[in-house]
Structure formats: C-alpha cells, structure tokens
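Have a look at the structure below before the remarks.
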Amino acid sequence: MHSYSVILDARRGHARLGRCLAGLARDFGQTPTRHEIWLLVDKSRSRIERLADTHGARQLLLPDLTRGQRLNIAANRSQADVLLFLDPAIDPPPGWLTLVDQALTSPQWDVVALVSNGWLATHWLSRLPGGGGRIRLLAMRHSWFERVGGFDPEREGTAERDLLVRLRACHASVLQRRMGDGQRSAG
C-alpha cells in the first residue's frame, strides 16, 4: 500500500471540515497505511486548530496566495508516494481509499479523479476534457505531479481542473468516476 499525503484547503468547505477529517480518520484507521494530512489555512482559527490536533493534521498558514500556490507549497512539503487533494466540503465516499490504492497500484492508472454531479455535469462544459462537475478528489503519484510541474500558480478556482487537463495532455491514464453513479471514464 502507498503512503499518502492528504491536502485539504480549509478555505473551502471549512464548515464541513470536521466531518471530512472524521471520515479520513475512519478510512485510514481501517487500512494500515502511512499518511499525513495537511490543512491549508489563511489565518489561525481556534476551531481549526482543535480539529487539526484531534485528527493529527498539520496546518500550513498561507495567507494571500492563490489556490494553485497553496496546493503546490503543501505538495512540495509532502514525503508521501501519493498526493491526494480532497475537497473538505465532502464526506469521503465509502471505499474511496481502496479505489485509489488499487488504481494507483495497477500499471493501468496514473491518476484518480472523483467528480461530483452538478450543474456543470449537464452543461456544455461537460464535453470538454475532464468533463463537467467539480473535482472533489484528485490523487496521483508524486512523480506525476512533478512531471507536469504541479498546479498553475496563477489559478484559483480551476486549479484542479487545469492540472487534470495537463496530466491527460502528458498521457497520464486517468480513472475518473462520478460520485454517486459508479460510472468510469478513462482518459
């Protein structure tokens, strides 16, 4: 099994951060694997400090930076084999860790993306590479992250989508699943 670095940008979904961290604790507790959790914050908050302490997460105070810059800083501090960028606004779906680990152990897949259904899933943007919906989980070997140069430091809201498009352009094989419908698409 791989070692994991889970990176959560607490500026997004901070109201659900506790549930997300509890779900991570549950899933990593059921699977013997080395992992680290990074919480990216723009300012110190006692609630987030308590959550970090409770769940063994490390905080990175990164004010006034774009999302791409924040995610790159955390990824560059990681010592894990697999980088896992998770949207803290969701509860990790059951079986996600097994799915990611099995996919990235297989020579068939280089990247795993879980995408939520939403207005973009039926919008014209769903026809573009990467499809519609919001990327809720993006996992890849650290070597692929380095190969494509990480996140575009100029990106804010589309950082994950841009990285996924660039990974595909470099011929990474992507296992993409929509959360809740079990569909797979390779790219």
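Any read-out appearing in this document is the output of simple, stated calculations on the displayed coordinates, not a laboratory observation. A quick note: this is a predicted structure, and the numbers were derived from the prediction, not measured. Cβ sites come from the backbone with ideal geometry, for glycine too, and all protein chains shown count toward neighbours.
Structure values in brief
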item: Relative contact order (percent, whole number), the chain, Cα cutoff 8 Å, 6+ residue spacing; result: 23 percent
item: Cα lying deepest toward the dipole's positive end in the chain, options GLY18, SER5, ALA74, charges on Cβ; result: GLY18
item: Equivalent ellipsoid semi-axes, region 1-50, via Cα gyration tensor eigenvalues times 5, rooted, Å; result: 22, 12, 8
item: Gaussian network model of the chain, Cα within-10 Å springs - most flexible of GLN69, GLN108, GLN59; result: GLN108
item: Dipole-positive endmost among ILE37, HIS171, LEU137 within the chain (Cβ charges, Cα centre); result: LEU137
item: Inter-probe distance in nm under a simple model that places probes 7 Å from Cα toward Cβ, at ASP64 and THR105; result: 4.6 nm
item: Within the chain, percent of DSSP bridges classed antiparallel, to nearest 5; result: 40 percent
item: Simple Cβ-charge dipole of region 1-128, Lys/Arg +1 and Asp/Glu -1, about Cα centre, in debye nearest 20; result: 420 debye
item: Extension reserve of the THR54-GLU154 stretch, reckoned as 0.36 nm per residue once the Cα distance is removed; result: 32.7 nm
item: Protection-proxy order for peptides 41-48, 2-9, each taking the mean of Cβ atoms within 10 Å per residue, highest first; result: 2-9, 41-48
item: Added length on full extension, which subtracts the Cα-Cα distance from 0.36 nm per residue, ARG16 to GLN30; result: 2.9 nm
